[in-house]
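Take a look at the structure below.
Coordinate-derived values only; no laboratory data. Because the structure is predicted, anything quoted here is derived from the model rather than measured. Here the Cβ is made from the backbone with ideal geometry for all residues, glycine too, and neighbour counts use every protein chain on show.
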DNA sequence: TTGCAATAAGGTTAAACAAGGTTAATGAAA
DNA sequence: TTTCATTAACCTTGTTTAACCTTATTGCAA
């Protein structure tokens, strides 16, 4: 499957050139022209990387990045902007950006920077969970697109929330994941009630993975969880 | 423990300014002025990140980067150079660089870019304990990724704080570790209450390792602790 | 130099508190 | 009307705070 780029740009001219240029490098590019359209598209498309223009109608690129970062802590974000002031760069990294390229830029440079971010991120997250492949968790097979968790020849159907949560845990196994990240990605906010909700789902997932004692969902009180799979 | 930066720069003037500026941000900076001196220093110092000037005497920055990359696949490398041609940028990423900043640059921008690389790399660097499996402490086995401390066939689950603290002690066994370092790494600050907190956890860890009299957690009053494991 | 406070640092234990675990009941949607 | 998500109630555990005790270090007088 091709690497997927979500490209947010409101200048149609520049947009088309960049999009085509990236596509000619075997990247699957979706372009969005409005800040408000980014999050819905993101959830649909599940890209491997975002390229964001900063000046956008309705919702500026920095705000968009903040929202993205809340839900997807490891998704690489590259800003592409005419703002050349150092304060803008600082702000860009401050809201969770991972690179910042000033306009005008050369396509070559954009490409090597994209490649670099993808390379750095490869072992992180996100990317693993997508296509029709299974994720192996101890003796279990987890099929996130099918909402299924298998052990030998038993298959358990997962609900939407169960599936989302297990996906996040699986993507981030062997790292500590904050409760906040989980809440933002599964529920979209981290209010008190959703927080107790998360506890309920953690209990349920622990029950589902109980058959393999190698799988451990360790609580880190006050912080989050740590999923151990071997 | 401070984050360590290896800075390779042959212009003494610029070098001093950048070094001091980074040090004022609580980074531990070693500066090297010759391409050939980089690898030995690297192995000694084991930095968390390298900042490389490209034009160097004896061995240029790109070649140095290639060597570094061979040995340390995940160590972040940031190029800092007067070369502004796109081909140079492409080459920089091609040899394994992770960011490329053109001279003249602002200190602010360098700092946010360094922070960004460190943040992105957090979970896969080559720091001493992270990639290790078990750490053997006398008759005990300590599995920091699993939050487990084993003796023969008994396994004790450690809490987050217990685990962090034992990790620091284990990493620094046979050296004196200051209370301040421990507090900063486990609690993030060294206020009075956390300080008493540390005492409580030290007591607890002493109880956990009591079965092997070779293990001694020696108090050095007014300074810190010294963990003896044989 | 010895001996003896005085003080500060840390040790130990238990209580208080907050975070999360568990289970069941309620509510909403298909 | 069954399934899933949410809310609620009650329980367990880790972390922090507090109180009291022990040990090292310091300063000073004999």
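Nm distances between the label at residue B:60 and the same-position labels in the remaining copies, 7 Å along Cα→Cβ, shortest first?
4.0
Using a Gaussian network model of chain B whose springs link C-alpha atoms within less than 10 Å, name the residue from B:149, B:56, B:14 with the highest mean-square fluctuation.
Checking each option, the largest mean-square fluctuation is seen for B:14.
In degrees from 0 to 90, rounded to the nearest 10, what is the angle of the helix B:192-208 Cα long axis to the longest principal axis of chain B?
So the inclination is approximately 60 degrees.
I need A:160, A:74 ordered by Cβ neighbour count within 10 Å, fewest first. Don't jump to the answer; show the numbers that get you there.
Values: A:160 9, A:74 18.
Final ranking by Cβ density, sparse to dense: A:160, A:74.
Could you put B:226, A:174, A:226 in order, starting from the residue whose Cβ has the fewest other Cβ atoms within 10 Å? Write out the running numbers ahead of the final one.
Details: B:226 17, A:174 12, A:226 22.
Fewest-to-most Cβ neighbours within 10 Å comes out as A:174, B:226, A:226.
Specify the residue with the greatest mean-square fluctuation among A:172, A:98, A:58, computed from a Gaussian network of chain A linking alpha-carbon atoms under 10 Å apart.
A:58
Run the numbers on region A:106-230 and let me know its relative contact order in percent, using alpha-carbon pairs under 8 Å that are six or more apart.
Numbers: 141 pairs, mean separation 27.2, N = 125.
Contact order relative to length: 22 percent.
Every other copy gets compared here: list the nm distances from the residue A:82 label point (7 Å along Cα to Cβ) to its counterparts, shortest first, one decimal.
Label-point separations across copies, in nm and ascending: 3.2.
Give me a single rounded figure for A:78-88: the average over its residues of other chain Cβ atoms within 10 Å of their Cβ.
Values: counts 0, 0, 0, 0, 0, 0, 0, 1, 6, 3, 0.
Counting other chains' Cβ atoms within 10 Å and averaging over A:78-88 gives 1.
222 nm [θ] for the protein assembly as shown, helices only, -39500 (n - 2.57) per DSSP H run of 4+, per residue, to 500? Please list the in-between numbers first.
Numbers: 16 runs with 185 residues, N = 460.
Mean residue ellipticity, 222 nm, calculated: -12500 deg cm²/dmol.
If you average the C-alpha positions of region B:52-82 and of region B:169-230 separately, how far apart do those two centres end up, in angstrom?
Cα centres, region B:52-82 to region B:169-230: 38 Å.
In which sequence would B:207, B:41 go, from the one with the fewest C-beta neighbours within 10 Å to the one with the most? If you can, show how the numbers build up before the last one.
Numbers: B:207 9, B:41 16.
Arranged by neighbour count, lowest to highest, B:207, B:41 become B:207, B:41.
For the protein assembly as shown, state the semi-axes of the equivalent ellipsoid (square roots of 5 times the eigenvalues of the alpha-carbon gyration tensor), sorted largest first and rounded to whole angstrom. Working shown, then result.
Working: eigenvalues 286, 215, 75 Å².
Sorted largest first and rounded, they come to 38, 33, 19 Å.
Place the label 7 angstrom along Cα→C-beta at residue B:195 and in each other copy, then list the distances from the first to the rest in nm, shortest first.
From this label point to the equivalent ones elsewhere in the assembly: 3.0 nm.
Quick one: angle between helix B:160-171 and the longest Cα principal axis of chain B, in degrees between 0 and 90, rounded to 10, please.
Relative to chain B, helix B:160-171 is tipped by roughly 70 degrees.
Mind pulling the angle between the C-alpha long axis of helix A:12-23 and the longest principal axis of chain A? Nearest 10 degrees, somewhere in 0 to 90.
50 degrees
May I have the convex hull volume per residue, in Å³, for the Cα set of chain A? Let's see the in-between values first.
Numbers: hull volume 29.0 nm³, N = 230.
Looking at chain A, the number lands at 126 Å³ per residue.
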